[in-house]
Amino acid sequence: MGRRLAIGDVQGCWHSLQHLLDVMNCSADDQLWLAGDLCNRGTGSLEVLRFCRQRQVTAVLGNHDLHLLACYFNAADSHRKDTLAAVLAAPDIRDIVDWLLAQPLVVVEGDCWMAHAGRWPGFSMPEWQRLAGDTQRAWQADPEAFFRQMYGNHPAHLDDARSDAERWRFCVNASTRMRVLDADLRLNLAFKGELAERPAGSNAWFDYPCPEDGIRLGVFGHWAALGAGRPRPDLVALDSGCVWGSGLTALDLDSAEWHHVATDPRDLND
């Protein structure tokens, strides 16, 4: 049985990813956990996605991965800083899309969970898994319709959802975009900066207690301004901002050994 190696937001940084795997002496027996945002902004999104699909990594989807799917299904336009053109024009794009559609919003294995942005404190683990599963089945059943209604900041709280589409949107936002919450656990999705600069009356999502469920460790990425580390003893933050030149980080989930490599300049889309 190999190691479980959790890796932060790759965002198309193909050369940095290969360097990190070399530094960790990664073997075919090792299980790679990718915390979402596999693609976009770096120069090697196509290579990263092909590797992840062929390697059959354990991955969750991040907001950039969902954006790629929305672009493919003509539910969103490309942004100026996107680096997805080569992916969308690839001859194997349908295979990549099918693989992405099969990836979840949350992974729970043994006493560990992983999601791109984190765990909304209002969720019990069974409730989160049920809603995330419903959301994934919805995008698999009718991806064009799903991605057309995915975008938006409402509802900010699950209790405000009045339809399946709104519950799915909340699950996507909480699992892939969340950083800070207001005191009543409402998502504040406008904030993207450093924790010390958070709006008055809000706190990081991990500053609120989650229901007890016996889970030992949670793994997330997404918040580059937070950096890699342990914001709580039971949480691992992995986004060290590789695409911003701050390197790529991994953690051995079983030995608690950290690994870090500098960003390869070839990955930066200047």
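The values are calculated or read from the model by the stated rules, or taken from the named source; none is laboratory data. Keep in mind that what you see is a predicted model, and the values were worked out from it rather than measured. Cβ sites come from the backbone with ideal geometry, for glycine too, and all protein chains shown count toward neighbours.
Given the criterion within 19 Å of Ser16 (Cβ to Cβ), assigned to a loop (DSSP other than H, G, I, E, B), among the small types (Gly, Ala, Ser) and over 17 Å from the mean Cα position of the chain (by Cα), identify the matching residue among Ser246, Ser255, Ser240. Spell out how you get there, then give the answer.
On the way: Ser255 fails: within 19 Å of Ser16 (Cβ to Cβ); Ser240 fails: over 17 Å from the mean Cα position of the chain (by Cα).
Ser246 is the lone residue from the list that is within 19 Å of Ser16 (Cβ to Cβ), assigned to a loop (DSSP other than H, G, I, E, B), among the small types (Gly, Ala, Ser) and over 17 Å from the mean Cα position of the chain (by Cα).
Is one or more of the residues making up segment 100-120 under 25 Å from Gln56 (Cα atoms) and assigned to a helix (DSSP H, G or I)? Scanning segment 100-120 turns up at least one residue that is under 25 Å from Gln56 (Cα atoms) and assigned to a helix (DSSP H, G or I). A single member of Gly44, Gly2 is touching a helix residue (DSSP H, G or I) at 6+ places or on another chain (Cβ under 9 Å) and small (Gly, Ala, Ser), and it is Gly44. Within segment 212-227, restricting attention to residues that are part of a strand (DSSP E or B) and under 23 Å from Gln11 (Cβ atoms), the residue that is nearest to the chain's Cα centre (by Cα) is Phe220. Only residues that are in a helix (DSSP H, G or I) and acidic (Asp, Glu) were counted in segment 186-211, giving 2.
Please enumerate the residues belonging to segment 29-44 that are surrounded by 24 or more Cβ atoms within 10 Å (Cβ to Cβ) and closer than 24 Å to Arg169 by Cβ.
Selection gives Leu34, Ala35, Gly36, Asp37, Leu38, Cys39, Asn40.
Got at least one residue in segment 148-156 being in contact with a Lys or Arg (Cβ under 8 Å, 6 or more places away or on another chain), surrounded by 15 or more Cβ atoms within 10 Å (Cβ to Cβ) and within 28 Å of Gln56 (Cβ to Cβ)? Scanning segment 148-156, I find at least one residue that is in contact with a Lys or Arg (Cβ under 8 Å, 6 or more places away or on another chain), surrounded by 15 or more Cβ atoms within 10 Å (Cβ to Cβ) and within 28 Å of Gln56 (Cβ to Cβ), so the answer is yes.
Looking only at segment 157-185, which residues are part of a loop (DSSP other than H, G, I, E, B), surrounded by fewer than 19 Cβ atoms within 10 Å (Cβ to Cβ), modelled with pLDDT of 95 or more and in contact with a strand residue (DSSP E or B) (Cβ under 8 Å, 6 or more places away or on another chain)? If the condition is that a residue be part of a loop (DSSP other than H, G, I, E, B), surrounded by fewer than 19 Cβ atoms within 10 Å (Cβ to Cβ), modelled with pLDDT of 95 or more and in contact with a strand residue (DSSP E or B) (Cβ under 8 Å, 6 or more places away or on another chain), then His157, Arg177 are the ones that fit. Of all residues in segment 149-177, those that are in contact (Cβ under 8 Å) with a residue 40 or more places away in the chain have Cβ atoms under 7 Å from Cβ atoms of residues that are surrounded by 14 or more Cβ atoms within 10 Å (Cβ to Cβ) and charged (D, E, K, R), 6 or more apart or on another chain, in Met150/Arg169.
Any chance segment 45-54 includes a residue that's in contact (Cβ under 8 Å) with a residue 24 or more places away in the chain, buried (at least 24 other Cβ atoms within 10 Å of the Cβ), on the phi > 0 side of the Ramachandran plot and out of contact with any Phe, Trp or Tyr (no Cβ under 7 Å at 6 or more places or on another chain)?
Quick first cut of segment 45-54, residues in contact (Cβ under 8 Å) with a residue 24 or more places away in the chain only: 45-53.
Next, from what is left, pick out any that are buried (at least 24 other Cβ atoms within 10 Å of the Cβ): 45, 48-49.
Checking which are on the phi > 0 side of the Ramachandran plot leaves us with none.
Checked against the condition, which is being in contact (Cβ under 8 Å) with a residue 24 or more places away in the chain, buried (at least 24 other Cβ atoms within 10 Å of the Cβ), on the phi > 0 side of the Ramachandran plot and out of contact with any Phe, Trp or Tyr (no Cβ under 7 Å at 6 or more places or on another chain), segment 45-54 yields no hits at all.
When Val97, Val87 are checked against the criterion of being over 16 Å from Gly36 (Cα atoms) and either outside any helix (DSSP H, G or I) or modelled with pLDDT of 95 or more (or both), Val87 stands alone in meeting it. A search for C-beta distances below 9 Å between a residue of segment 198-223 that is of a type in the set (A, V, I, L, M) and any residue that is surrounded by 14 or more Cβ atoms within 10 Å (Cβ to Cβ) and in a helix (DSSP H, G or I), counting only pairs 6+ apart in sequence or on different chains, returns Ala204/Leu195; Ile215/Met125. The residues of segment 59-103 that are of a type in the set (Gly, Ala, Ser), touching a Cys at 6+ places or on another chain (Cβ under 8 Å) and surrounded by fewer than 20 Cβ atoms within 10 Å (Cβ to Cβ) amount to a single one, Ser78.
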